[in-house]
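Reviewing the structure listed below.
The values are calculated or read from the model by the stated rules, or taken from the named source; none is laboratory data. All figures in this text were calculated on a predicted structure; none of them were measured in a lab. Glycine gets a Cβ as well: all are built from the backbone with ideal geometry, and neighbour counts include every protein chain shown. Surface accessibility is based on the protein's heavy atoms, side chains included, excluding ligands, DNA and RNA. Shrake-Rupley method; radii C 1.70, N 1.55, O 1.52, S 1.80 Å.
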Amino acid sequence: MLKTLRVNFDRHETRRDRRYPLPPITVTLASGTYTTSNWSLGGFLLPPGLAFAPGTSLAGDATMPDGRSAHAFSAEVVRRDADGTGFRFVAPSE
């Protein structure tokens, strides 16, 4: 079993990776370009209103706030609720 290190100090938070609301990342998918509500090393949250069902796999590009560095990614939709649509990176690079 792979051992993980928690970087989160809130004892009520069960996520492995800390979420960051800022700086926002721009995500480009086949359906359009979106700005993240928050992101972490494990995935990102897009605002409500997207029509992706949980389990949907997709690919896209994430552009960092400097606007110069874009990174290709593969992700899976893990949830869709009133907060937005949550994506988990699939096979992230080091």
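So the check is Cβ under 7 Å with 6+ separation or different chains; which pairs have a first residue in segment 25-49 that's more than 14 Å from G67 (Cα to Cα) and open to solvent by less than 70 Å² (accessible area, probe 1.4 Å) and a second one that's assigned to a loop (DSSP other than H, G, I, E, B) and of a type in the set (G, A, S)?
L45/S37; L46/S37; P47/S37
Any residue at all in segment 49-67 that is at pLDDT below 90 and either part of a strand (DSSP E or B) or touching a Cys at 6+ places or on another chain (Cβ under 8 Å) (or both)?
no
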